[in-house]
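Just so it is clear, none of the values below were taken in a lab; they were calculated from the coordinates. Nothing here was measured: the structure is a model prediction, and the numbers come from that model. Here Cβ is always computed from backbone atoms with ideal geometry, including for glycine, and neighbour counts include all displayed protein chains.
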Amino acid sequence: MINALIIDDEINAIESLRWEIANFCKDVTVLDTFTNPIEAISAINYLKPDLVFLDIEMPQLDGFQLLKKLHFTEFDLIITTAYNQYAIQAFKENAIDYLLKPVDPDELIKAIEKAKKNKEMPVSNAKNMEKIFEKIIDNATNNNSKKIPIALADKIVMVNKNDIVYCKSDGNYTHIYLKDDVKYFVSKNIKAITNLINSPEFIRVHKTYLVNATYIKEYIRGDGGEIILENKINIPVSRTNKQKVLQALHIN
């Protein structure tokens, strides 16, 4: 049996989650619920739960500030939030999962299964981070988010799609060039990056290049042609993709 606490400043969110747990997660006992994060700190330290469901946006203290004030931290953490941008910070705090509100019962069940397995055999933080990162990508793609997660060697950066000027393929890797001369090198091929961005403003002008049409300044006619970006970078256009470029620029 898993003993859990729910912390959320919205009583309706607490009741909804408590109902879902009671109906779909029979192995979980909700010891108590809290709308006041200050009271929740004392309760966690005293009750020492196996699992904590924690909201982020709360008055007095947000969820991450609450975590930093705890003495007892030997519990599994599931972040519950209406805001996808907190996912990165969630697994920095070693959360085993995060759930977007309104909480989907199937996602809740999966998260509880992780907590059960973790109780039986602790899972490495690296594995938790990998799984949560996969979910971030799914949400970014499925929800057509304005930001996408870019995995670097030592961190994950949330990048605004509108800031991406162009991407250049380098085999199984991709160089991502942002405005203001910011550049990232990621271990994903350009097709994967195209699918992740998933935006009509981005045109595959060449097998090597993905370009944000917003930053195209000039088109130079030719067999395939060539485009000049606002940062004065010249990029070739393949014959097979020429028509897509012309359509994006509204050129007949």
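Which loop-located GluC sites (Glu not before Pro) does segment 157-246 contain, where loop means any DSSP state but H, G, I, E or B and the Cβ has at most 13 other Cβ atoms within 10 Å? Show your work: numbers first, answer last.
Working: sites: E201, E218, E226, E230; in loops: E201, E230.
Sparse-neighbourhood loop GluC sites (Glu not before Pro): E230.
Report, in debye and to the nearest 20, how large the dipole of segment 159-248 comes out about its Cα centre when Lys and Arg carry +1 and Asp and Glu carry -1 on their Cβ. It would help to have the intermediate numbers written out before the result.
Working: 14 positive and 9 negative charges, 64 e Å.
Taking the Cα centre of segment 159-248 as origin, the dipole is about 300 debye.
Just to verify a number: FRET efficiency for N162 and N195, C-beta to C-beta distance, R0 = 22 Å, to 0.05? Walk me through the numbers on the way to the answer.
Values: r = 18 Å, r/R0 = 0.82.
Rounded to the nearest 0.05, the efficiency is 0.75.
Taking a Cβ cut-off of under 12 Å around D55, the surrounding Lys, Arg, Asp and Glu residues balance to a net charge of -4, with basic ones at +1 and acidic ones at -1. The fewest-to-most ranking of R18, R204 by surrounding Cβ atoms within 10 Å reads R18, R204.
Taking other residues whose beta carbon is less than 13 angstrom from the beta carbon of L229, and scoring Lys, Arg as +1 and Asp, Glu as -1, yields 0. Among M58, M1, which comes first, then next, by fewest other beta-carbon atoms within 10 Å? In increasing order of surrounding Cβ atoms, one gets M1, M58. In this simple spin-label approximation, I11 and N231 carry label points 7 Å from Cα along the Cα→Cβ vector, and these lie 5.3 nm apart. Legend: ranking of residues V157, V30 from fewest to most surrounding C-beta atoms inside 10 Å; resulting order V157, V30.
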